[in-house]
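These notes concern the structure reproduced below.
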Amino acid sequence: MTVARGSRKTPSASKPARKTASGSRNATSVVGVDQANARHRAALLEAMLRIRRFEERCVELYSAAKIRGFVHLYIGEEAVAVGVSEALTPEDGVVSTYREHGHALARGIPAEAVMAEMYGKATGCSGGRGGSMHLFDASRRFYGGNAIVAGGIPLAAGLALADHMRARPHVTCCFFGDGAFAEGEFHETANLAALWGLPLLLVCENNLYAMGTALERHEAQTDLAMRAASYGMVAWAVDGMDVEAVESAARRAAGAIRAGAGPHFLELRTYRFRAHSMYDPDRYRDKAEVERWKARDPITRLTDRMREEGRLGERELARLEKQVAEEVDRAVEAAEQAPEEPVQDLLRHVTSAPPEGD
Amino acid sequence: MAAGRRPREAETTYREALREALREALRSDDRVFLMGEDVGRYGGCFGVSLGLLEEFGPERVRDTPLSESAFVGAGIGAALAGLRPIVEIMTVNFSLLALDQILNNAATLLHMSGGQLPVPLVIRMTTGAGRQLAAQHSHSLEGWYAHIPGIRVVAPATIDDARTMLAPALTDPDPVLIFEHGSLYNASGELDASAPPVGLDHAAVRRPGTDVSLIAYGGSLPKALDAADELATDGISAEVLDLRTLRPLDDAAIASSVARTHRAVVIDEAWRSGSLAAEVSARIAEDSFYELDAPVERVCSAEVPIPYARRLEEAALPQTADVVAAAHRAVG
Ligand SMILES: Cc1ncc(C[n+]2csc(CCOP(=O)(O)OP(=O)(O)O)c2C)c(N)n1
Ligand SMILES: [Mg+2]
């Protein structure tokens with residue numbers, strides 16, 4: 001297998017992709033394309049709204065002490081999870097971080113299962129044992145939120161290695177932050193994946209901060225895509241606040257990976273609107289900077305674009321909002337009612353064999 | 001000592017006491033510097049170093065990238081070259097990314113070099129569970145580190161120890177690991193500024209008693225003290241021994257406590273198998289076998305990765321009631 005040469009071109013959203021999974025759409029008539037595009041955009045919008053409203057509710061629930069532990073919000077970064085997930089099939093694998101509500105919801109894990117997990121209930125997607133930072137769903141090949149920065153990256157390479165060795169046409173998508181880029185585990189894995197030509201999509205969510213440390217205070221060379229390319233893989237920097245640009249880049253990368261071009265790296269330039277976690281007093285960044293980025297809100301950006309093109313009526317938007325709000329309401333209601341895991345089951349799932357007396 | 005001028009009754013927190021100790025160290029020795037993730041601009045992930053960047057500047061309060069192995073290794077190198085680094089690792093959970101540097105370099109260089117290369121390095125980190133942070137953020141691995149010859153391991157559990165253990169750690173010619181239990185940062189109390197320095201060699205009797213020794217350290221000390229209160233209402237006089245230094249263990253203090261009470265309960269938030277509690281129990285069996293009136297009891301965490309859900313986490317961790325029950329079993 002040949003390893004693609006490093007390239008840092010930023011694929012633009014408008015440029016027709018050469019070898020993308022969505023390429024077949026170009027075959028239909030112009031009107032059909034427009035309608036399909038409109039429907040697709042509405043789906044992107046709905047997916048981003050779901051994450052946003054879900055997390056806004058999490059903030060309220062945290063204040064009410066219904067949810068505890070570390071909770072890291074994705075608000076502002078929704079375009080990344082939604083755009084990238086569009087490029088993945090149900091058979092692909094996903095490895096995530098502790099900031100993974102967005103990845104989990106975009107992957108199709110029901111809001112009810114995620115909310116129940118935040119409540120620590122037995123019906124949660126990890127049986128209440130993981131909480132916000134450890135959402136898992138094996139049936140969706142969602143290999144979890146990992147709370148050790150960069151801890152999931154080598155694991156993702158292993159998933160990709162298995163697919164590679166079995167010649168399965170799957171991509172493993174691994175999300176991680178700019179902070180994780182500094183860890184040895186990222187660099188060791190990047191080299192390994194390029195060396196072995198693994199079907200791995202490395203998705204770096206560059207939100208410009210690792211907790212309180214700004215990118216230029218933790219990286220000597222802040223052009224992350226260029227550095228990734230130095231390992232001998234294709235790497236692009238993409239506007240992570242534009243869901244369609246993200247989707248287009250992710251489709252191109254996933255298509256190339258499926259065609260055997262080896263690992264690809266996407267640096268998605270984005271921003272978290274909220275503090276790092278519920279414990280963070282957010283003292284290290286300028287309020288004006290946060291406001292500047294909020295003006296680039298990926299949800300507003302998409303709705304504006306749809307409105308301009310006459311593709312989004314106020315009624316349609318209200319309908320989407322209502323639908324998402326009801327879904328979140330139902331998730332909270334279900335989590336409230338859900339049973340707790342009995343304390344007698346504390347020792348379950350430590351090893352595969354049931355504990356004695358089970 | 002700066003703190004000597006503070007009023008005796010000053011209420012302070014464990015966090016502030018640690019900060020005061022850091023401030024004093026940075027003021028009194030220009031070879032000392034602090035480095036770690038978010039120690040500067042952010043003020044430390046638990047707020048311990050808040051304000052120190054402003055006071056000492058970015059050379060001496062150094063933010064690092066997320067590169068535990070690299071900055072711990074750099075701390076070892078700087079110590080070899082004559083500086084006195086204090087390296088902060090956010091939590092023990094992430095120290096595993098630096099375990100190779102700690103075990104294969106810091107702990108071995110003196111010996112491998114035939115005594116030529118001492119490593120006067122201090123590494124601080126948070127440890128422990130109890131805040132619903134789930135399995136990857138709740139480890140108590142100080143017992144692992146206490147397994148390693150060549151390093152000293154300490155666990156300040158009181159405001160006074162938070163204030164006073166750093167200075168002797170910095171004068172120790174060898175690596176010292178300081179474990180701060182996450183549940184202690186907000187603990188507040190009076191700092192006894194006039195108390196003489198206690199050093200790093202000895203365990204401390206935090207409450208004298210005659211019927212049973214409750215042997216604890218770090219985040220388990222408050223639970224042991226609460227248990228002793230409760231036992232007192234049942235007419236049982238419990239002595240509480242705070243180990244303070246986990247390596248080397250103060251064997252004499254353990255033996256003399258058991259000689260007074262003839263019964264021992266060891267409390268350790270780590271898992272029971274292969275734990276520090278196992279080591280302490282073995283030493284009691286070796287040194288004090290004929291003093292014992294009952295088998296040694298251990299109160300440790302359940303053998304499970306610490307779960308997120310509140311009830312499950314509480315059930316997994318040693319609780320005061322478990323200590324009380326163990327003491328009752330020992331007393332019979
Ligand atoms: C190995 C390790 N070191 C430190 C931490 C503490 N920590 C959690 S998140 C974080 C910042 C990570 O930043 P980044 O990778 O950019 O992701 P973001 O939070 O911005 O999404 C830090 C330092 C950790 N969880 N794991
Ligand atoms: Mg970041």
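Largest mean-square fluctuation among B:ARG84, B:ARG163, B:ARG31, in a Gaussian network model of chain B whose springs join Cα atoms under 10 Å apart, belongs to B:ARG31.
Let me have the relative contact order for the range B:131-187, percent, based on Cα pairs under 8 Å that are six or more residues apart.
Values: 39 pairs, mean separation 21.8, N = 57.
Dividing the mean separation by the residue count of the range B:131-187 yields 38 percent.
Where q = 0.07, 0.15 Å⁻¹, what log10 of I(q)/I(0) comes from the Debye formula for chain A, counting one point per Cα? Here log10 of I(q) over I(0) equals -0.30, -1.37. Derived from the Cα gyration tensor, the three semi-axes of the equivalent ellipsoid of chain B are 33, 21, 20 Å, largest first. Within the straight-line cut-off of under 17 Å between alpha carbons, the aspartates and glutamates reachable from A:LYS294 are A:GLU55, A:GLU56, A:GLU77, A:GLU78, A:GLU205, A:ASP239, A:ASP242, A:ASP282, A:ASP286, A:ASP304, sequence neighbours fewer than 8 places apart in one chain being disregarded. The mean number of partner chain beta-carbon atoms within 10 angstrom of a residue's beta-carbon across peptide B:308-320 is 6.
One decimal place: the segment B:MET112-B:ASP226 gains 36.5 nm when fully extended, by the rule 0.36 nm per residue minus the C-alpha distance. Roughly how many Å is it from the Cα centre of the range A:180-199 to that of the range A:201-221, as a whole number? What the calculation gives is 17 Å, centre to centre.
Applying 1/(1 + (r/R0)^6) with R0 = 30 Å to the Cβ-Cβ distance of A:ALA325 and A:ARG305 gives a FRET efficiency near 0.85.
Return the FRET efficiency for the residue pair B:ALA195, A:VAL31: r is the Cβ-Cβ distance, R0 is 60 Å, and the value is rounded to the nearest 0.05.
Values: r = 84 Å, r/R0 = 1.41.
Efficiency for this residue pair is about 0.10.
In the range B:159-245, a dipole from Cβ-located charges (positive for Lys and Arg, negative for Asp and Glu) runs towards its positive end, and of B:ALA204, B:GLY189, B:LEU177 it is B:LEU177 whose Cα lies farthest in that direction.
Considering only alpha-carbon pairs that sit under 8 angstrom and 6 or more positions apart, the relative contact order computed for chain A is 26 percent.
What's the whole-number percent of alpha carbon pairs in the range B:204-331 lying beyond 25 angstrom?
17 percent
The range A:115-140 and the range A:58-95 have Cα centres lying 13 Å from one another. Projected label points at B:GLU11 and A:GLU316, each 7 Å from Cα along the beta carbon direction, are separated by 6.0 nanometres. Simple point charges give the picture: +1 on the Cβ of Lys and Arg, -1 on the Cβ of Asp and Glu, and for the range B:204-331 a dipole about the Cα centre of about 180 debye.
Of all the options B:ALA224, B:ALA157, B:ALA302, the one that moves most in a Gaussian network model of chain B with Cα springs shorter than 10 angstrom is B:ALA302. Note on the protein assembly as shown: dipole from Cβ charges, positive end direction compared against A:PRO354, A:VAL33, A:ILE153; the farthest Cα belongs to A:VAL33. Separation of the range A:234-266 and the range B:183-201, taken as the distance between their Cα centroids, equals 55 angstrom. Please list, by residue number, everything in the range A:85-112 whose backbone N is under 15 Å from a paramagnetic label point 7 Å out along Cα→Cβ of A:HIS349. Flagged as within label range: none. Between A:LEU347, A:LEU201, A:LEU320, the residue with the greatest mean-square fluctuation in the GNM of chain A (Cα pairs under 10 Å linked by springs) is A:LEU347. Structural descriptor for the range B:204-331: relative contact order 29 percent, calculated from alpha carbon pairs under 8 angstrom and at least 6 residues apart. Taken about its Cα centre, the range A:216-342 carries a charge dipole of roughly 560 debye when the Cβ of each Lys and Arg holds +1 and the Cβ of each Asp and Glu holds -1. Rounded to the nearest 20 debye, the dipole size of the range B:9-192 about its Cα centre is 440 debye, using +1 on the Cβ of Lys and Arg and -1 on the Cβ of Asp and Glu. Counting other Cβ atoms within 10 Å as a rough exposure proxy, the listed residues A:TYR231, B:TYR42 run A:TYR231, B:TYR42 from fewest neighbours to most. Maximal additional length on extending the A:LEU215-A:HIS40 stretch stands at 59.6 nm, based on 0.36 nm per residue less the C-alpha distance. Summarised in one figure, the compactness ratio Rg/Rh of the range B:9-192, Cα atoms and Kirkwood Rh, is 0.94.
Bridges between two residues of the range B:204-331, per DSSP, are antiparallel at a rate of about 20%. Based on the Cβ-Cβ distance from A:SER139 to A:ASN191, what FRET efficiency comes out when R0 is 30 Å, to the nearest 0.05? Step by step, r from the Cβ atoms, then E = 0.40. Applied to the range A:118-123, the Karplus parametrisation 6.51 cos²θ - 1.76 cosθ + 1.60 on θ = phi - 60° returns per-residue 3J(HN,Hα) values of 4, 7, x, 8, 4, 7 Hz, with x for Gly and Pro. Only alpha carbons enter this Debye calculation for the protein assembly as shown, each as an equal point scatterer, and the log10 of I(q)/I(0) it gives at q = 0.07, 0.09, 0.10, 0.12 Å⁻¹ is -0.52, -0.84, -1.00, -1.33. Distances longer than 15 Å among the Cα atoms of the range A:259-348: what percent of all pairs is that? For the range A:259-348, the share of Cα pairs beyond 15 Å comes to 79 percent.
Any read-out appearing in this document is the output of simple, stated calculations on the displayed coordinates, not a laboratory observation. From a predicted model like this one, the values you see are computed outputs, not experimental measurements. Methodologically, a virtual Cβ is constructed for each residue, glycine included, from the backbone with ideal geometry; neighbour enumeration extends over all protein chains shown.
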